[in-house]
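Single-structure report; data block below.
The values are calculated or read from the model by the stated rules, or taken from the named source; none is laboratory data. Because the structure is a prediction, the values reported are computed rather than measured. All Cβ positions, even for glycine, are placed from backbone atoms using ideal geometry, and neighbour counts span all protein chains on display.
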Amino acid sequence: MKNVPIKLLFVVSAFLAFSCSTAKKAGKSGKDATAMAKTSAKKPGKNDPKPYDKVITKDAKSDKGLFTVHTLDDKFYYEIPDSLFNREMLMVTRIAKTASELGFGGGKTNEQVLRWEKKDKKVILRVVSYNVVAADSLPVSEAVLNSNFEPVLYTFPIEAFSKDSTSTVIDATPLFEKDVKPLGLPQRNRSSYKISRLESDKSFIETIKSYPRNIEARHVKTYAAGNPPSNSSTGSVSIEMANSMILLPDVPMKRRYFDERVGWFSRDQTDYGQADQKSKTLTYLDRWRLEVKDEDIEKFKRGELVVPKKQIVYYVDRATPEQWKKYIKQGIEDWQVAFEAAGFKDAIIAKEPPTVEEDPEWSPEDARYSVVRYLASPIPNANGPHVSDPRTGEILESDINWYHNVMSLLRGWFFVQTAAINPEAQSPQFKDEVMGRLIRFVSSHEVGHTLGLPHNMGSSVAYPVEKLRDAEFTKEFGTAPSIMDYARFNYIAQPGDEGVALMPDIGTYDKYAISWGYRPILDKTAEEEKPILNAWIMEHAGDPMYRFGHQQAGDVVDPSSQTEDLGDNAMLASEYGIKNLKRIVPNLIEWTTEAGENYDDLDEMYGHVISQFNRYMGHVSNNIGGVYENYKAADQEGVVYTAVPKAHQKEAMNFIQENLFETPEWLIDKNIFDRIEFTGSIERVRALQSRTVNNILSLGKMQRLIEAYTFDSAAYSLPDMMSDLRSGIWSELRTGKKIDTYRRNLQRAHIDRLEYLMTAKDQAPSRRSSSYVKVTPVNTSQSDIRAVVRAELTSLRSQLRSARGGDAMSRIHIADAIERINLILDPK
């Protein structure tokens, strides 16, 4: 100790004394310690929760539902029950109101699952994905979780807790006032309109309403736009968005797995927990939850029809004109016969909503109700979207959007396809009973979509063409086995075919598909159902009445799954259709005009004649280079894909040459033109012919011809097809006949298409290809296409140089064609 400095000893002594003294003080008085703690406690921070009454004051308007929504001044508060944290909710984003050329109201733009979570002093809104999964019990589930991190959509400071501490209050206003992209205008529109930012001073919340299962938010978004599609003087785009947040069911519905042999709207999920030696995509149906009541199970097993636990109920909007309500309701309940095939009676019913006096709280936006909504819109359309649980495919609700001008579209279709044999269609205004029947047809078709059925474009090919002229056959079977086909109306029936049916009803395929998708399979898991579902399909394998063919867009591959067609032979069906158009055109003025009115209806209906004729040309020309697609499972005999026979393709080529490339004089009626236009008739025919030339000479069709001939030397080859096409289009070079205006235009269209093909870019399947769009891959510089086109141009030039005769304009045209080909073959 003698070596320790005195100062250090003093410091240690003092420290020990101080420590002992403090300990004695604390032990001496608990009250003093509490007082000290209160004094040193942290004061409430700016972002800490406040007392409930300080946030939700007596001036707030409260709307109770899924969450209680409090409106105070220009703010909207969500009071979230603790029981709803960590529950999945589906957010569906739609464009509610839009400006001209900005899409249409009701169009869905986004759909995502959300989860509300509490963390410290914040509420977090996460986006949940069910695209990639694995069972929690499996080791791989940890890897799936790590590679599927749930992004944060928004965070909210906690404003307050309820007085009983069972709910949490947040200010939800920024979620809809700010530019939260998944809840606003889609990115594709932002790019197209060159949108740079949200103009917050012109954006606001219209309403937020709470219902027992959902919350509906309406908000106006105004964006600064460099290329607005309308109202360009404003330099902006304004739309009203609708966001529906729906609570997903506590107990998920049992899935039913998809099979491509039966058409169905479906969803995918990649499951890493399957026994397969790779990740497996599971695809399951979107469908309503139709279940047998416990007390009816024995009846159901005996084959008796039973009413489901919960019926599918559609309400017809109060805004629907009174004279059309019964027809829309009939279209809904037409599906009862299909559900009877599935074992249910009265499974789907139509109702009118309560009046405002009966129930002032009833709203079509309430997710408990599915509604046919009547929209005062010039859009000539109707659509049937639905909202479904991504975990199971259970359809939760559906609204059918019925636009007023769909009646205009129906009138045009019915007129141009049936007026030749149907006096009820030979007038500018249909009787209510006639229009009502058409409305019922469309109502039924759209309801089919909401039940889970997509378009079945392969249905109508099941009927032989001549059977569609048979009254007895069509009364029993309609015009197609499925109302989900775009079979429309019976354009094949000819004068004298009295009593023939003019449109489809719920058909054989519809009953089969609903039974396959909805008939309960009791006491089986979704996996255990698969052999039973397969057996149901195999009962009808090979029967065209039960065939499904998907909808195609762009380059049509399968000519037996086309829109707007009828019967099993496009050439014969189109021949009958053209005969009827030839009967309609001379009567157009009489059938479309009224004293004191102008010629707008004449103009519109002549346009429908042109469109219908163009459809026939498409139906026929798509047989060239076509490949039939008939879905099969591995245990079925035969192949899935078969090239259209050579003779059938050549028949299609001859039909096009005779009915379109030889100028369709019957379509050129100066009597009509002098009433509807000062010019345009020549251009109209040129566009029809050019469109078909381009369709025949599409890269996909040409490549499929090359491939078919590679495997079968008896197939229709690309050089043969090109030679047949040239021989018909340029027939005057052999005969020396005068080449008229229409033919000169057609021949230039042929040269233009050949020029395009000489420099056309490669065609590769899109990464986002769908069942609607199937792209045939083509490497244009390395395939035979360019070589064959060069040979065609050389042959054509040789024929042109040898051509003789014709008038002065014909000779000018030939010289010009030679020069065009020279420039194509030798651009330098």
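Worth a mention:
- Test: residue in the range 793-813 that is loosely packed, with under 15 Cβ neighbours inside 10 Å, under 46 Å from the mean Cα position of the chain (by Cα) and among the aliphatic types (A, V, I, L, M): no
- For VAL313, the conditions (1) buried (at least 20 other Cβ atoms within 10 Å of the Cβ); (2) in a strand (DSSP E or B) are fulfilled apart from (1).
- Filter result for the condition that a residue is in the same structural domain as ASP807 (by TED's automatic domain parsing), charged (D, E, K, R) and within 30 Å of PHE265 (Cα to Cα), over ARG744, ARG734, ARG704: ARG704
- Whichever residue in the range 615-629 is touching a helix residue (DSSP H, G or I) at 6+ places or on another chain (Cβ under 6 Å) and assigned to a helix (DSSP H, G or I) and, among such residues, is nearest to ASN695 (Cα to Cα): SER621
- In the range 318-337, the residues that are assigned to a loop (DSSP other than H, G, I, E, B) and within 15 Å of GLU446 (Cα to Cα): ASP334, TRP335
- Candidates ARG188, ARG197: the one that is over 18 Å from ASN243 (Cα atoms) and at pLDDT below 90 is ARG188.
- Selection of the range 697-717 for residues being farther than 24 Å from PHE661 by Cα, of a type in the set (D, E, K, R) and in a helix (DSSP H, G or I) yields only GLU707.
- Picking from residues in the range 577-600 that are touching a Pro at 6+ places or on another chain (Cβ under 9 Å) and at pLDDT below 95, the one that is nearest to PHE673 (Cα to Cα) is THR593.
- Test: residue in the range 242-262 that is over 30 Å from GLN330 (Cβ atoms), modelled with pLDDT under 95, outside any loop (DSSP other than H, G, I, E, B) and among the small types (Gly, Ala, Ser): no
- Condition check for LYS632: assigned to a helix (DSSP H, G or I) and within 24 Å of VAL461 (Cα to Cα): no
- Within the range 151-203, strands (runs of 3 or more DSSP E) holding 2 or more residues that are surrounded by fewer than 16 Cβ atoms within 10 Å (Cβ to Cβ): 152-161, 195-198
- Those residues of the range 671-683 which are surrounded by fewer than 16 Cβ atoms within 10 Å (Cβ to Cβ) and closer than 21 Å to ILE739 by Cβ, in sequence order: ILE682, GLU683
- Looking only at the range 204-228, and only at residues there that are polar (S, T, N, Q) and farther than 17 Å from LYS97 by Cα, the one that is surrounded by the fewest Cβ atoms within 10 Å (Cβ to Cβ): ASN227
- Residue check for ALA573: touching a Gly at 6+ places or on another chain (Cβ under 7 Å) and part of a helix (DSSP H, G or I): yes
To keep it simple, each residue is scored yes or no on (1) closer than 18 Å to ASP82 by Cα; (2) touching a Cys at 6+ places or on another chain (Cβ under 7 Å); (3) modelled with pLDDT of 55 or more.
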site	(1), (2), (3)
ALA135	no, no, no
LEU138	no, no, no
SER141	no, no, no
ASN148	no, no, yes
THR155	yes, no, yes
PHE161	yes, no, yes
THR168	yes, no, yes
PRO174	no, no, yes
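- Test result for ASP346, of a type outside the set (Lys, Arg), part of a loop (DSSP other than H, G, I, E, B), in contact (Cβ under 8 Å) with a residue 24 or more places away in the chain and surrounded by fewer than 17 Cβ atoms within 10 Å (Cβ to Cβ): yes
- Of all the listed residues (GLN612, GLN649), the sole one being within 18 Å of LEU725 (Cα to Cα), part of a helix (DSSP H, G or I), within 32 Å of the chain's Cα centre (by Cα) and modelled with pLDDT of 95 or more is GLN649.
Residue by residue, here is whether (1) under 30 Å from THR692 (Cβ atoms); (2) crowded, with 19+ Cβ neighbours inside 10 Å; (3) not aromatic (Phe, Trp, Tyr) holds:
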residue	(1), (2), (3)
TYR518	no, yes, no
TRP536	no, no, no
ALA541	no, no, yes
ALA553	yes, no, yes
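- Whenever a residue of the range 71-85 is farther than 21 Å from LYS178 by Cβ, its partners that are surrounded by fewer than 15 Cβ atoms within 10 Å (Cβ to Cβ) and β-branched (Val, Ile, Thr), lying with C-beta atoms within less than 6 angstrom and at least six residues away or across chains, give the pairs ASP82/THR166.
- Failed item, numbered, when LEU282 is tested on (1) part of a loop (DSSP other than H, G, I, E, B); (2) modelled with pLDDT under 95: (1)
- Number of residues in the range 585-601 that are outside any helix (DSSP H, G or I), polar (S, T, N, Q) and surrounded by fewer than 16 Cβ atoms within 10 Å (Cβ to Cβ): the value is 1.
- Residue that is modelled with the highest pLDDT [pool: residues in the range 84-111 that are surrounded by 19 or more Cβ atoms within 10 Å (Cβ to Cβ) and assigned to a loop (DSSP other than H, G, I, E, B)]: THR98
- Residue check for ASP720: in a helix (DSSP H, G or I) and either without any contact (Cβ under 8 Å) to a residue 12 or more places away in the chain or assigned by TED's automatic domain parsing to the domain that holds ASP600 (or both): yes
- Residue that is modelled with the lowest pLDDT [pool: residues in the range 364-395 that are in contact with a His (Cβ under 6 Å, 6 or more places away or on another chain) and surrounded by 18 or more Cβ atoms within 10 Å (Cβ to Cβ)]: GLY384
- The range 737-774 - residue that is part of a loop (DSSP other than H, G, I, E, B) and modelled with pLDDT of 90 or more and, of those, nearest to GLU683 (Cα to Cα): ASP740
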